[in-house]
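Take a look at the structure set out below.
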Amino acid sequence: MKAKITTAANIPAATRRAVYRRDGYRCALCDDVRGLQIHHAMPRSVGGSDDEMNLVTLCWRCHAEAHGTFLPERHRAPRTPEELAELRRSLKEAYAQNIVEYLADLYAEEGVIWCPF
Ligand SMILES: [Zn+2]
Ligand SMILES: [Zn+2]
């Protein structure tokens with residue numbers, strides 16, 4: 001069977017609004033209020049759902065950094081393709097970790113065990 005491909009664009013408007021509201025209409029990582037987007041904490045490719053618990057509000061910049069497609073200025077520009085690949089990989093890992101911590105803390109405050117599946 002062919003896997004159904006869905007992206008953040010397929011998330012129902014009501015779910016998006018609920019996630020933005022939960023996160024206080026700010027980026028979960030840098031508190032920016034501009035250019036907000038919805039990101040999957042656990043990518044759909046590894047079983048992450050479209051449930052509110054698996055979604056987080058990020059600004060466009062943090063979102064691109066979380067996907068390793070945008071390199072923050074604080075990093076030295078990579079000089080080789082290997083350096084670039086390594087920087088992207090470590091960025092993705094660091095952002096994923098920060099997002100998981102943010103969500104787990106958020107739900108822990110409500111006495112809920114965070115489960116993104
Ligand atoms: Zn941000
Ligand atoms: Zn994303």
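Assorted remarks:
- The charge dipole of the stretch 8-108, taken about its Cα centre with unit charges on the Cβ atoms of Lys, Arg (+1), Asp and Glu (-1) only, comes to about 300 debye.
- Solvent-accessible area assigned to carbon and sulfur over the chain amounts to 55 percent, based on a 1.4 Å probe.
- Projecting the Cα atoms of Asn98, Pro116, Phe70 onto the charge dipole of the chain, computed from C-beta unit charges around the Cα centre, puts Phe70 farthest toward the positive end.
- Residue separation of Ile113 and Ala85 scaled by 0.36 nm, minus their Cα-Cα distance, works out to 6.7 nm of gained length.
- Value of D in µm² per second that Stokes-Einstein yields for the stretch 8-108, Kirkwood Rh from Cα pairs, at 25 °C (0.890 mPa s): 174
- Between Glu86, Glu52, Glu65, the residue with the greatest mean-square fluctuation in the GNM of the chain (Cα pairs under 10 Å linked by springs) is Glu86.
The values are calculated or read from the model by the stated rules, or taken from the named source; none is laboratory data. From a predicted model like this one, the values you see are computed outputs, not experimental measurements. Counting neighbours? That spans all protein chains shown, and the Cβs are built from the backbone with ideal geometry, glycine included. Note: accessible area is taken over every heavy atom of the protein model, side chains too, but ligands, DNA and RNA are not part of it. Shrake-Rupley method; radii C 1.70, N 1.55, O 1.52, S 1.80 Å.
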